[in-house]
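One structure is given below, encoded as structure tokens.
Just so it is clear, none of the values below were taken in a lab; they were calculated from the coordinates. Computed from a predicted structure; not experimentally measured. Heads up, the Cβs are rebuilt from the backbone with ideal geometry, glycines too, and the neighbour counts pull from every protein chain shown.
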């Protein structure tokens, strides 16, 4: 078949696909997407799992390793029939959080951390590289099959050039389709429809070849079964490690491959479609695998020795002269390769632009969301460049690896690479304790091991790693050999890399998560993801809204497009009950807007943009600490206020007490004044009366002498009273002259008791003393001290109302002070007047007549104050008790 | 919250619960069946039996597909309101744990 016709058929096929996609897109925009949203379309779009690897490579795989090729389809089958566990949750999370890619899922789960987004993006891009190279290789090989078959000698370009042309063509097609618009939901109805059509084409093509082989070449089912047991394939050895390991890695890959995530989660229109796909997709896989073994068996028996088993699907019909069937098979293979490359490139470019280009651009232009410049244009341009770059990487890998390896072995390298995302993903949706530190540690560990043990050695000896390094380890370190880490040899390289990368990845993820503490945003997102079925509203709401609706609108227009943005704002305004275009920037509205924007630029970027406009309204840990600091200050201040108010209350209480005392004193003073008037008046009256009698001339001498005596006594009493008053006044003003001398306290007490004994001498009065304690020298004004003692003892003699009055005198030495207690056994002094007894003019009873006018204790207090000591009433001693304190040595 | 959960469910919701159990168990069942060939060691049998292996694996596959078909038919309609109360009483789903 002429090369030109082949190219023409390919181009026509692409044009038809383009048409299908275009129509689907128009219908979706026009709101007539009904049949686009069928579960069948969803299931068929999942078939991009079956790439050229399946279409061509599975037969080659079966020819080389028997039934092992089935593991690649049995793993996904298990995941899909177990949809209730993981797929249902992933799809629900993807829809609730408007996840745009697998990198976005991980970034969003771990606190919208862009770092993780970058790590996952890098892993995904590098892991996709061999996979895209595989597609280029298969398309190039299939062109080559037709070329070698034509004797006309049409100029088929060399393989490298064909691959380059295919890569460029695919890049163009993907750019034309995938980046025509920037959809808020990151959904591509046109693309999905096109790959559904391609899914049908490749299934029909493979089934047609299979039917042709079973009933056209061989003689039906029984013959094929007999041929299977007779063929070299029957000698295949089932390696348990590879069987289980490959089933696992394919099950992991279908969850973590960026393109699978794209069609499975991002493009999902209805959760119920997952239920349909749970049986329909395994059915599709089963049908795709059904004829693989027969084709391989027949190919091995009829094709010449040494022909490439990867191409049996094409070469068997060609060798049997079925040119049209071969062309159909070629289109099937072409479909498989192109659909994979297109969706993978779109998914990867979304990740690259959302997690690497846009954040970089935002970081380089601080505060730029407001500045002129079209974010939409930037995002679209970065996606176009990313698509080109992804394909360029794939081509580079193809070029470097030489384009000769078996297809399946290339694909498995990719699978192990993307499987590194699995621990972070599963941990993220099932374990609230998973943190971004753990996720980053796990991802980086797994990625590094995959790179070192599988990806770099895949370029062959002396490719990117030297043969010596592969054989002996870096610097001759034996246990670091890329194919025998830690000295464990005997595993095949793929299984070896899978085992170590997954073990250490999971280990690092768990240890990192257990030993770190997640931030507030991360914890919110953790709850939102793990408990997705418990809630409907998203977390991380904007608590304050400094963002102006107008600013938000102008930014959103640049991302969503003017029409779309205005429609969204209008709908929100209507929902808030406001007319016009601008809704109030309520937290709810801003959260919705953030999710809407996240559909276009990813969660982390959208969060950052809103944060810029709202003036960083999200509560950071620093903010929380600042708030806590303020609260602490306020608390301290209020504690101070409380202390002050307590102090005020104390002062007020003291003032009230003082006031009460003053009032009482005033009453006392009035009482005293009348008393002293009386005291003065009584002697004055008798003096006046007797002096008048004396003035009479005929008074007998003895009478005169008697009256003069009375007058003399009365004047002495008056003088004593006035002396006391004078003395008190002097003492109070601290003008008293002290005669300091030394004396034994015991002697002073002796003198005082003797002197006081003439007060009510008729009373029976016992004084109890402990002489041994009393001997101590005191330096003080001994006369004044004696005066105090006399007064206290006289008071006891006067007022003690006990039948058998006893006065106990106790002396103690306390530091530099002597403490002398006078305790009698009377009824004591009532509590209410205890505070008053030392005041001037105080009198307990008006009936007292035995000395002075109640100045005694006041004078005592003043004397003691002058001597540097004190006298106070000692309550609770069973009687009246006074305590005199006195410094042993009076300081001058 | 044991007090908010009814002790017995209506027949329909009971069936639905058991279908959820079944769909959760299906992948484990499938895993066991698909790992069984590990015990055969096909290359060591005197008679080549790869054809029988093919028949076994594809039969298992079809059984899984049919089981998934039946279960998804039963579960899909109520998928979006899976967490809503099914019977008049306040009935809550024992939320799906880890897997």
Computed over segment A:677-777, the ratio Rg/Rh where both radii use C-alpha atoms and Rh is Kirkwood: 1.17
To the nearest whole number, what is the average tally of beta carbon atoms from other chains within 10 Å of the beta carbons of peptide A:264-276? 3
May I ask you to derive the FRET efficiency for residue A:835 and residue A:633 from their Cβ-Cβ distance with R0 = 51 Å, giving the value to the nearest 0.05? 0.70
Specify whether the C-alpha gyration tensor of segment A:321-363 places it in the rounded, prolate or oblate class, a ≥ b ≥ c being the square roots of the eigenvalues: rounded for a/c under 1.5, otherwise prolate if a/b is larger than b/c and oblate if not. prolate
Using only C-alpha positions, report the orientation-averaged shadow area of the convex hull of segment A:625-676, nm², one decimal. 3.2
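If we count other beta carbons within 10 Å of each Cβ, what is the order of A:165, A:83, fewest first?
Numbers: A:165 16, A:83 26.
The order, fewest Cβ neighbours first, is A:165, A:83.
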Can you tell me the 0 to 90 degree angle between the C-alpha axis of helix A:159-178 and the longest principal axis of chain A, rounded to 10? 50
Which whole-number percent gives the relative contact order of chain A, counting Cα pairs below 8 Å spaced six or more residues apart? 14
Relative intensity, log₁₀ I(q)/I(0), of segment A:684-742 from a Debye sum that treats every alpha carbon as a point, q = 0.22, 0.24, 0.26, 0.28 Å⁻¹: -0.85, -0.93, -1.00, -1.07
Segment A:704-753 and segment A:60-78: distance between their alpha carbon centers, rounded to Å: 128
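Compute the normalised compactness of segment A:226-357: alpha-carbon radius of gyration over 2.2 N^0.38 Å, N being the residue count.
Working: Rg = 19.0 Å, N = 132, 2.2 N^0.38 = 14.1 Å.
Relative to the rule-of-thumb radius for its length, segment A:226-357 sits at 1.35.
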What would the Debye formula give as log10 I(q)/I(0) at q = 0.06, 0.09 Å⁻¹ for the alpha-carbon point model of the protein assembly as shown, no solvent? -0.57, -1.00
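Just to verify a number: FRET efficiency for residue A:554 and residue A:161, C-beta to C-beta distance, R0 = 60 Å, to 0.05?
Taking R0 as 60 Å, the efficiency between residue A:554 and residue A:161 is 0.80.
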In degrees from 0 to 90, rounded to the nearest 10, what is the angle of the helix A:292-302 Cα long axis to the longest principal axis of chain A? 40
Between the Cα axis of helix A:493-515 and the main Cα principal axis of chain A, the angle (0 to 90°, nearest 10) is 20
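Fewest first, what order do A:781, A:310 take by the number of other Cβ atoms within 10 Å?
Listing A:781, A:310 from fewest to most nearby Cβ atoms yields A:781, A:310.
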Fewest first, what order do A:54, A:162 take by the number of other Cβ atoms within 10 Å? A:162, A:54
Stokes-Einstein translational diffusion, segment A:622-732 - Kirkwood Rh over all Cα pairs, 1.002 mPa s, 20 °C, in µm²/s: 105
Convex hull volume of the Cα atoms in segment A:232-272, per residue, in Å³? 116
In Å, what Rg and Dmax follow from the Cα atoms of segment A:421-539? 18.2, 57
Using just the alpha carbons, could you tell me how many Å³ per residue the convex hull of segment A:411-484 encloses? 97
Counting all C-alpha pairs of segment A:12-124, share separated by more than 20 Å (%): 65
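Taking 25 Å as R0, compute the FRET efficiency from the Cβ-Cβ separation of residue A:533 and residue A:574 and round it to 0.05.
Numbers: r = 30 Å, r/R0 = 1.21.
With R0 = 25 Å, the Cβ-Cβ based efficiency is 0.25.
Roughly how large, in nm² to one decimal, is the mean projection of the convex hull of the alpha-carbon atoms in segment A:740-887? Please list the in-between numbers first.
Numbers: hull surface 33.3 nm².
Computing the convex hull of the Cα atoms and averaging its projections yields 8.3 nm².
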Would you mind telling me the antiparallel percentage of the DSSP bridges in the protein assembly as shown, rounded to 5? 80
